[in-house]
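A short worksheet on the structure shown next.
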Amino acid sequence: MELSVFNKEGKDTGRKVVLADSVFAVEPNDHAIYLDVKQFLADNRQGTHKSKERGEVAGSTRKIKKQKGTGGARAGALKSPVFVGGGRIFGPRPRNYSFKLNKKLKQLARISALSYKAKAQQIIVVEDFTFADYKTKNFVAFQKAINTTGNRQLLVLPDYDNNIYTASRNIPNSEVTIAANLNTYEIMKAKNLVFFESAVAQLNQKTEE
């Protein structure tokens with residue numbers, strides 16, 4: 001697949017970039033995408049939820065009534081979960097939600113997501129550039145030029161660029177990443193994928209290796 005390369009003013013440069021079929025034109029595997037997105041969201045959970053059990057709530061441990069002869073159920077202390085103000089039964093405890101996935105499955109998920117975007121014609125390629133400063137208006141002008149204003153956009157760079165990153169961070173629904181950190185969740189979340197020309201070359205080369 002070939003796509004035209006645009007400059008940051010949104011004008012066609014007349015050049016074409018080749019999207020490798022092994023990255024952007026595979027048969028998508030929906031289950032691999034599901035597992036990779038599930039792992040990404042699970043890894044981002046803090047898992048610090050906690051409620052107090054009967055041994056942790058403040059209160060007296062005095063036996064509140066005699067064991068037998070009252071006609072009711074046995075009761076130990078007011079900290080028992082059956083009383084208001086007592087501990088919670090089977091409450092949440094801190095835990096780690098992360099789980100392991102094989103590298104090949106994660107790679108399959110990533111190229112499946114990229115193939116979906118390529119098929120939907122939601123990929124834009126621009127020539128490499130940078131901003132003279134990190135003002136937000138620079139990135140707003142860039143979005144208008146490539147007609148992605150208002151859409152959820154993911155800009156993929158070959159390497160970290162502080163001016164581009166800083167100029168974009170105040171804009172809603174706009175994210176910037178580098179090709180080496182590109183993940184399935186970000187791809188599927190974005191409406192438009194905007195690649196720097198050299199970032200496409202990195203993805204093509206990485207798959208060939």
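The values are calculated or read from the model by the stated rules, or taken from the named source; none is laboratory data. Owing to the predicted nature of the structure, the values given are computational and were not obtained by experimental measurement. Positions of Cβ are generated from backbone atoms using ideal geometry, with glycine treated the same way; all protein chains shown enter the neighbour counts. Please note that ligands, DNA and RNA were not included when accessible areas were found on the heavy atoms of the full protein model with its side chains. Shrake-Rupley method; radii C 1.70, N 1.55, O 1.52, S 1.80 Å.
Of the peptides 19-31, 184-196, 55-67, how do they stack up when ordered by the mean number of other Cβ atoms within 10 Å, highest first? Please list the in-between numbers first.
Working: 19-31: 15.2, 184-196: 20.5, 55-67: 10.5.
The peptides rank, most packed first, as 184-196, 19-31, 55-67.
Across all directions of projection, what mean area in square nanometres is found for the Cα convex hull of region 26-67? Write down the numbers at each step before the final one.
Numbers: hull surface 23.8 nm².
So the mean shadow area of the Cα hull is 5.9 nm².
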Helix-only CD estimate at 222 nm, as mean residue ellipticity for the chain, using -39500 (n - 2.57) per DSSP H run (n ≥ 4)
-10000 deg cm²/dmol
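Treating only the Cβ atoms of Lys and Arg (+1) and Asp and Glu (-1) as charged, compute the dipole magnitude of region 69-116 about its Cα centre; round to the nearest 20 debye.
The dipole of region 69-116 has a size of about 380 debye.
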Hull-based mean projected area of the chain, where the convex hull spans the alpha carbons, in square nanometres
17.8 nm²
Sequence-distant residues sharing a close amide H with residue 176 (under 5 Å, placed H):
155
If amide hydrogens are placed 1.01 Å from N in the peptide plane, which non-local residues have theirs closer than 5 Å to the one on residue 15?
5
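In whole percent, and with a 1.4 Å probe on the protein chains, what portion of the accessible area of the chain is carbon and sulfur? Intermediate values should be presented prior to the final figure.
Values: 6470 of 12870 Å².
Ligands and nucleic acids excluded, carbon and sulfur reach 50 percent.
Quick check: convex hull over the Cα atoms of region 1-84, volume per residue in Å³, rounded to an integer? The partial results should precede the final answer.
Numbers: hull volume 18.6 nm³, N = 84.
Taking the convex hull of the Cα positions in region 1-84, it is 222 Å³ per residue.
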For region 94-198: lysine pairs with Cα atoms under 19 Å, gap of 8 or more or different chains, count?
8
Just want to confirm a number: the relative contact order over the chain, from Cα pairs under 8 angstrom separated by 6+ residues, in percent.
25 percent
How large is ³J(HN,Hα) for each residue in region 101-114, as worked out from phi by the Karplus curve 6.51 cos²θ - 1.76 cosθ + 1.60 (θ = phi - 60°), to whole Hz, x for Gly and Pro?
10, 5, 4, 5, 5, 5, 5, 4, 5, 5, 6, 5, 5, 5
Using the Karplus equation 6.51 cos²θ - 1.76 cosθ + 1.60 (θ = phi - 60°), what ³J(HN,Hα) coupling, rounded to whole Hz, does each residue of region 124-132 give in order, writing x for Gly and Pro?
10, 10, 10, 5, 4, 7, 8, 9, 5
Candidate lysines for bridging to residue 50, where Cα separation is under 18 Å - those fewer than 8 sequence places away on the same chain excluded:
79
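Express the relative contact order of region 1-92 as a whole percentage, based on alpha carbon pairs under 8 Å and six or more residues apart in sequence. Working shown, then result.
Working: 93 pairs, mean separation 18.9, N = 92.
Answer for region 1-92 is 21 percent.
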Extend 7 Å from the Cα of residue 149 along its Cα-to-C-beta direction; within region 103-139, residues with backbone N under 14 Å of that point are 137-139
Region 4-77 - accessible surface per residue (Å², probe 1.4 Å):
69 Å²
For residue 141 paired with residue 46, estimate the spin-label separation in nm (one decimal), with each label point 7 Å from Cα along the Cα-to-Cβ line.
4.1 nm
Long-range amide H partners of residue 183 with built H, under 5 Å
none
